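Notes for the one structure printed next.
The values are calculated or read from the model by the stated rules, or taken from the named source; none is laboratory data. The structure presented is a predicted model; accordingly, all values stated were derived computationally and were not measured. Counting neighbours? That spans all protein chains shown, and the Cβs are built from the backbone with ideal geometry, glycine included. What goes into the accessible areas is simple: the full protein's heavy atoms, side chains included, and nothing from ligands, DNA or RNA. Shrake-Rupley method; radii C 1.70, N 1.55, O 1.52, S 1.80 Å.
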Amino acid sequence: MTTTAIPAESQRATPPAPKRRPKREREGAAWVFLSPWVLGAVVLTLLPMAVSLYLSFTDYNLFDPPRWVGLRNYTQMFTEDPRYWRSVVTTLTYVVIAVPLQLALALVVALALKSMKHGKAFYRSAFYAPSLLGASMSIALVWRAVFNDGGTVDNLLGTGGWVNKPGWALLAVALLTVWQFGAPMVIFLAGLQQIPAELYEAAAVDGAGKWRQFLSVTVPMLSPVLFFNLVLQTIQAFQVFTPAFAISAGKGGPADSTLVYTMYLYDRGFVASHMGYASAMAWVLLLVIGIVTVVLFRTSRSWVFYASEGDR
């Protein structure tokens with residue numbers, strides 16, 4: 001009877017597993033790496049927010065010590081300041097015009113890029129460029145020249161300068177935002193590329209045309225991406241400042257037609273030196289944006305489709 005010799009290497013004892021570091025030591029290392037972000041969040045965000053909340057209950061002009069006035073800034077804002085309500089109406093009008101137009105244009109271009117066979121990377125970069133440039137003051141000033149008297153739009157349409165007409169100035173501001181459709185377009189394009197081709201093939205077999213495929217396949221499958229873009233662009237639209245400031249030369253004119261909320265906040269805080277009043281306006285804006293975001297999330301349950309939910 002033969003016996004098989006066991007190699008010496010296999011007879012060696014298995015080395016013990018390395019000891020795990022104590023939990024407290026691991027947590028300490030994590031906090032070391034997180035400390036720059038935590039410090040920045042506290043010093044640059046939370047602390048200024050706390051100071052702003054305190055100033056919203058004071059009369060503060062940037063030069064004298066703050067004087068506590070309670071809710072006077074808020075009551076004055078809601079009951080005694082007609083320009084405040086004009087800025088609210090102007091901002092809401094801007095949001096209603098700019099956000100749907102921007103998202104619609106971004107989706108149309110994304111659909112066109114998805115069907116392209118050649119040059120997709122070039123056109124994607126070209127369409128995205130305005131999102132990088134449009135927020136700058138220089139582009140806003142160029143936009144103002146285009147829509148001013150004797151500008152490109154006046155020469156082409158013969159309608160006169162839009163920036164000098166109360167009924168058209170806000171539209172010029174909104175079109176500058178619509179022109180910056182590159183960011184939502186890239187997100188739409190990424191979402192379109194994730195839709196399985198089998199769904200379109202099945203819809204075609206059932207006799208669905210292009211329009212029916214768009215409504216029954218593309219829109220439901222793209223609804224989470226659409227919801228993400230809607231929330232993001234709505235929040236940004238409520239905070240619009242640079243286009244309105246540049247196009248109206250910092251005055252919100254003509255006839256306060258471009259006096260958006262943030263521009264009036266800037267006017268109260270840094271032009272009129274009513275920093276307490278401006279702080280109160282900032283907190284109201286934060287509260288409104290929070291409420292709008294919550295409403296969008298609540299209503300999304302009725303129209304946003306998630307593939308994981310469809311499998312349940």
Worksheet item: Please identify the trypsin sites (Lys or Arg not before Pro) of segment 84-123 that satisfy two criteria: DSSP loop assignment and at most 12 other Cβ atoms within 10 Å. Which are they?
Response: K117
Practice prompt. Please state, as a whole number in µm²/s, the translational diffusion coefficient that the Stokes-Einstein equation yields for segment 202-306 at 20 °C and 1.002 mPa s, with Rh defined as the Kirkwood radius across alpha carbon pairs.
Written response: 128 µm²/s
Fill in: Long-range amide H partners of D59 with built H, under 5 Å
R67, W68, V69
Worksheet item: Quick one: ranking S115, S223 by accessible area, 1.4 Å probe, largest first, what do you get?
Response: S115, S223
Worksheet item: Of M275, M221, M281, which has the most accessible area and how do the rest follow, probe 1.4 Å?
Response: M221, M275, M281
Discussion item. Sort 60-71, 29-40 by the packing proxy (mean of other Cβ within 10 Å over each peptide's residues), most packed first.
Written reply: 60-71, 29-40
Worksheet entry | Protein accessible area in segment 82-301, 1.4 Å probe - carbon and sulfur % | 69 percent
Response to the item:
Expected vector for segment 178-186, Karplus 3J(HN,Hα) from phi with 6.51, -1.76, 1.60 and θ = phi - 60°, integer Hz, x for Gly and Pro, equals 4, 4, 8, 8, x, 4, x, 4, 4
Discussion item. Taking the full set of protein chains and a 1.4 angstrom probe, give the accessible area of E198 in square angstrom, rounded to the nearest 10.
Written reply: 120 Å²
Fill in: Per-peptide average of other Cβ atoms within 10 Å, ordering 213-219, 239-245 highest first
239-245, 213-219
Worksheet entry | Estimated Rh, segment 23-101: Kirkwood, alpha-carbon pairs, angstrom | 16.8 Å
Item to complete: Quick one: check the C-alpha center-to-center distance for segment 191-225 versus segment 109-180, whole angstrom.
Response: 31 Å
Worksheet entry | Lysine pair count for the chain [Cα-Cα under 30 Å; pairs on different chains or 8 or more apart] | 4
Response to the item:
Both in Å, the radius of gyration and Dmax of the C-alpha trace of the chain are 28.0, 109
Practice prompt. May I ask you to rank I247, I291 by accessible area, largest first, using a 1.4 Å probe over the protein chains only?
Written response: I291, I247
Discussion item. Charges at C-beta only: +1 for Lys and Arg, -1 for Asp and Glu. How large is the resulting dipole of the chain about its Cα centre, in Debye rounded to 20?
Written reply: 740 debye
